[in-house]
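The values are calculated or read from the model by the stated rules, or taken from the named source; none is laboratory data. Only a predicted model underlies this, so the values are computations on that prediction, with no experimental measurement involved. In this analysis, Cβ positions are derived from the backbone assuming ideal geometry, glycine residues included, and neighbour counts consider all displayed protein chains. Areas reflect the complete protein model, heavy atoms only, side chains present, ligands, DNA and RNA absent. Shrake-Rupley method; radii C 1.70, N 1.55, O 1.52, S 1.80 Å.
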Amino acid sequence: QSCTTPDPGSGVGNITNDPLFVATNDFHLQAGSPCIDTGDNAYAPGATDLDGKPRIAYGTVDMGAYETVKPGDRYVDLFNATPVYPYDSWTNAATNIQDAVDAALDGEFVFVSNGVYSTGTRTTPGGVTSNRVVITKDITVQSVNGPAVTIIMGANNGDSLDSIRCVFMSAGLLSGFTLTNGH
């Protein structure tokens, strides 16, 4: 697949619209580019684009070297040395999932990098149960590289007062995580 002028000829999925690059030598896509979310996921090379952002951010890969990140995406990197609210890039990613969830608005994505997330507690709304993550908004919390390398670990201490559940959800979507040792 390609997005180019003139028409490259044969090939499935080619389009001849202007790809709307940001600048002559900047191949990021502008908002409204016909290349956004029109690639073929089967041909997406690797898990991240050239900026290190998730290669498939909204279900379908973009055509080109960079995935377009819409305003409002949040990022979590357990090992980030410089977390800065609102956690809207890998450079200033949160170091725990709950901080990024708190910063996100309905409809937004929270992308989570590899790690074992086993710190922090949040009480269930209207209750006393502790959780590593509480999601009460219509957001998507998504692991970048899947459940084998992205784990939310609770704390099962044998009774409900000291134990911590992995996740409480009343809305949204959680995708690509292993949940372990919760109570």
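Each residue of segment 18-35 in turn: what ³J(HN,Hα) in whole Hz from Karplus with 6.51, -1.76, 1.60 and θ = phi - 60°, glycine and Pro shown as x?
Calculated HN-Hα couplings, in order: 4, x, 6, 5, 4, 7, 3, 10, 10, 8, 5, 8, 6, 4, x, 5, x, 8 Hz.
Hey, can you rank 106-118, 12-24 by average C-beta count inside 10 Å, highest first?
106-118, 12-24
On the accessible surface of the chain, probed at 1.4 Å, how many percent belong to carbon and sulfur atoms?
53
How would you order 43-50, 172-179 from highest to lowest mean count of nearby Cβ atoms within 10 Å?
Those peptides, ordered most packed to least, come out 172-179, 43-50.
Which entry is the computed log10 I(q)/I(0) by the Debye sum over Cα atoms at q = 0.11, 0.13, 0.14, 0.16 Å⁻¹ for this structure: [x] -0.50, -0.71, -0.82, -1.07; [y] -0.54, -0.70, -0.79, -0.95; [z] -0.47, -0.66, -0.76, -0.98?
Working out log10 I(q)/I(0) by the Debye sum over Cα atoms at q = 0.11, 0.13, 0.14, 0.16 Å⁻¹ from the coordinates points to [y].
With all protein chains present, calculate the accessible area of M153 using a 1.4 Å probe and round the result to the nearest 10 Å².
My reading of the accessible area for M153 is about 70 Å².
Using per-residue counts of other Cβ atoms within 10 Å, averaged over each peptide, order 77-89, 137-149 from highest down.
137-149, 77-89
Tell me the per residue accessible area of the chain using a 1.4 Å probe; a whole number in Å² is fine.
Solvent-accessible surface per residue comes out at 51 Å².
Applying the Karplus parametrisation 6.51 cos²θ - 1.76 cosθ + 1.60 with θ = phi - 60° to the phi angles of segment 95-100, what ³J(HN,Hα) value in whole Hz is obtained for each residue in order, glycine and proline being reported as x?
So the J values, rounded to whole Hz, are 9, 9, 5, 4, 4, 5.
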